[in-house]
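Peer 1: Quick one: this structure, given as structure tokens, is what I'll be asking you about.
The values are calculated or read from the model by the stated rules, or taken from the named source; none is laboratory data. Values in this document were obtained by computation on a predicted structure and should not be read as measured data. Every residue, glycine as well, gets a Cβ built from its backbone with ideal geometry; the counts of neighbours run over all protein chains shown. Calculation scope for accessible area: heavy atoms of the full protein, side chains included, ligands and nucleic acids excluded. Shrake-Rupley method; radii C 1.70, N 1.55, O 1.52, S 1.80 Å.
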Amino acid sequence: MATVLSVSGSPFASSRTGRLLRHLDQRLIAQGHEVIPLDVRTVPAEALLGADFRHPAIAEAAELFARADGVLIGTPIYKASYSGVLKALLDLLPQYALTGKTVLPLATGGSSAHVLAIDYALRPVLNSMGAAHIVQGWFTLDKDITVGEDGSLTVAPPTAEALGHVVDQFSAALDRAPALAAAS
């Protein structure tokens, strides 16, 4: 099976975005994939904001991207775009860090007015980084994600069903990728 890098672009440890990604990671693991979580907020701010390409944490992140067959990228949407911390990391990766990779973009936000941010803000960047295949992304409203006092996550049933379908499509694309690469 494939190795998936699951990247949370939220600047907050308690974010719905990060919790949702870790929830979806479990579905990918159950399907036989190896999942490596990466919370961009854990990358030192001085490396990100100082554009320190040689910082060990940036080198490690670049290595994780290089090692992955697929990348699941989740971000909260702020002012109709993906998070600044995610942008800072993507800017420091090699130009074609996603070459040959299957990518699933996911976003969360407070208003359906931001639903197109995946296609108009995030997808062009992922494409410019050489992604071989960007599967259909998904936008989840904050109100459809509930975090319990114990940290448990509940996703509204219609949203959970849709997310399950999107993740399954990503998984199937990952499974097809080696055959497609061999045929070309």
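Peer 1: Filter the stretch 64-116 for residues that are open to solvent by less than 10 Å² (accessible area, probe 1.4 Å), hydroxyl-bearing (Ser, Thr, Tyr) and either without any contact (Cβ under 8 Å) to a residue 40 or more places away in the chain or in a loop (DSSP other than H, G, I, E, B) (or both) and give the result.
Peer 2: SER83
Peer 1: Given the conditions (1) under 17 Å from LEU72 (Cβ atoms); (2) over 13 Å from the mean Cα position of the chain (by Cα), and given that VAL115 satisfies all but one, which numbered condition is not satisfied?
Peer 2: (1)
Peer 1: Taking interchain pairs and intrachain pairs at least six residues apart, which have beta carbon atoms under 7 angstrom, with the first residue in the stretch 151-171 and free of Cβ contacts under 8 Å to residues at least 60 places away in the same chain and assigned to a strand (DSSP E or B) and the second among the charged types (D, E, K, R) and surrounded by 15 or more Cβ atoms within 10 Å (Cβ to Cβ)?
Peer 2: none
Peer 1: Continuing with the same structure: Suppose the filter is open to solvent by 10 Å² or more (accessible area, probe 1.4 Å), modelled with pLDDT of 95 or more and assigned to a strand (DSSP E or B); does ILE36 pass it? Write out each step before concluding.
Peer 2: Details: open to solvent by 10 Å² or more (accessible area, probe 1.4 Å): yes; modelled with pLDDT of 95 or more: yes; assigned to a strand (DSSP E or B): yes.
The answer is yes for ILE36.
Peer 1: Which pairs have Cβ atoms under 6 Å, sit 6 or more apart or on different chains, and link a residue in the stretch 130-141 that is farther than 16 Å from LEU98 by Cα to one that is open to solvent by 20 Å² or more (accessible area, probe 1.4 Å)?
Peer 2: So the pair list comes out as PHE139/VAL115.
Peer 1: Since VAL4 meets every condition but one in (1) free of Cβ contacts under 8 Å to residues at least 60 places away in the same chain; (2) of a type in the set (A, V, I, L, M, F, W, C); (3) closer than 20 Å to ILE134 by Cβ, which condition does it not meet?
Peer 2: (1)
Peer 1: Which condition number in (1) surrounded by 13 or more Cβ atoms within 10 Å (Cβ to Cβ); (2) in contact (Cβ under 8 Å) with a residue 24 or more places away in the chain is the one that ALA51 fails?
Peer 2: (1)
Peer 1: Turning to a different aspect of this structure: Quick test for you: out of ALA13, ALA47, pick the one residue that is farther than 17 Å from LEU122 by Cα, among the hydrophobic types (A, V, I, L, M, F, W, C) and at pLDDT below 95.
Peer 2: ALA13
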